[in-house]
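Here the structure is laid out as structure tokens; the discussion comes afterwards.
Only the coordinates and a few stated rules stand behind these numbers; no lab work does. These figures come from a predicted structure and were not determined experimentally. Note that we place each Cβ from the backbone using ideal geometry, even for glycine, and neighbour counts take in every protein chain shown.
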Amino acid sequence: MRRFLPALLGAALSAGLLAGCTPSSAQETDTPGMAERGTAMTTAKPTRQDLTNRVSLSGKVTLGPTFGLVAPVDGEVRYLNVKAPTSTPTKPTKVANIWAGGKSTPVEVPAGAVFTGRLVDDRSKVTAGMPIVSAKRVGYGVVADIDGAQAYQISDTLQSVQVQVKNGPGPFPCTVLGTLAALPAGTIPEEQPPAPNPSASVAAPPVVKAPTQQQPGSEPTGMRLVCVGPADVKLINGATATVEVVTATATNVLVLPVEAVAGAQGRGQVEVIKPDQTREVREVTLGLTDGKVIEIKSGLDGDETVSVPGPNLPPAKQNPGGDPVPGMTK
């Protein structure tokens, strides 16, 4: 009987190996827990909430910061001859007029600042919002540099600005001076002598004036925000600060996670998952964002389910040499 045991064990082992190599109905089906390729594994539904658009900037306390003033309307700029003040101005200083349709609109440097230069040629055609004058704050200000992406986030509206000085005072409100745009070098032309009076019968002897030193103009600047804090806040030149800009607020608006949306300014796309699990790429109009969620102004009712992440933009078509074809997508 014992001599039959090895044979029986060998037969059983061979049968087991053959069974393991034979495809079964269970193995022919998909592995449990694995979804079909292309199935959206993460989804989100629109919700409603209050939203505040904040931009955080790195700043520094600066003594005598330069800022720019813009043309208030379209027209022709005509500069005035501005004398250097002997003390800090306590009233606005008129430095130019913008002429349009026979009417003039004044341009004034605010009190507490001095005129430091013309940014365009006299009698140039200018548009509303174009920097035309540079000025210098007398005293402390907070200056924060701005990159191109941040500029478009905060250029339209500045509802409020708060500053926190590192290891110092804050947060405190800060009043913005002038424009965020980069400024060219400012120039201050020499004062022109008055023209002679042709009606005078006898020419008056020339008046000899002592030579005067021409005022230096302002240096060019990059895009930056300049603001001034309350008078009772103690500031130290060169101290670092964080500048928080609130550009807009909205109440009870429809939002989605930013990961669910392709695009960030104006218009974008989302991928809607329908009840039958088919998908539709839908155009949406975008609003505010806080970096976590983004406002959906139109394009969704609020009952949809969307995939996360959102749709990818199609790649550009390639020329035979491999370079993208301008203006063409697949």
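Residues whose amide H lies under 5 Å from that of residue 297, counting only those 5 or more places away or on a different chain, are 285, 286, 287; hydrogens are built 1.01 Å from N in the peptide plane.
Rounded to the nearest whole Hz, the Karplus-based 3J(HN,Hα) values (6.51 cos²θ - 1.76 cosθ + 1.60, θ = phi - 60°) of segment 267-280 follow the sequence 10, x, 9, 10, 10, 8, 8, 7, x, 8, 6, 6, 10, 9, with x at glycine and proline.
Structure note, pairs 83/136; 166/234; 83/103; 103/136; 60/292: Cα-Cα distances above 18 angstrom occur for 83/103; 103/136; 60/292. When the Cα gyration tensor is reduced to axis lengths a ≥ b ≥ c, the ratio a/c is 1.5 or higher for segment 69-136, and with a/b above b/c it is classed as prolate.
The packing ranking, built from the mean of other Cβ atoms within 10 Å per residue, places the peptides 267-274, 279-286 in the order 267-274, 279-286, highest first.
Residues whose amide H falls under 5 Å from that of residue 113, counting only those 5 or more places apart or on a different chain, are 138, with hydrogens built in the peptide plane.
As a rough footprinting exposure proxy, the listed residues 78, 54, 224 were ranked by other beta carbons within 10 Å of their own, and the order from fewest upward is 78, 54, 224. Counting neighbouring Cβ atoms within 10 Å and putting the fewest first, the residues 218, 307, 56 line up as 56, 307, 218.
Of 240, 187, the sequence from fewest to most neighbouring Cβ atoms within 10 angstrom is 240, 187. For the pair residue 128 and residue 149 in one chain, pulling the backbone fully straight at 0.36 nm per residue adds 5.4 nm over the alpha carbon distance. Summarising the amide proton neighbourhood of residue 217: residues at separation of 5 or more, or on other chains, whose placed amide H is nearer than 5 Å comprise 188.
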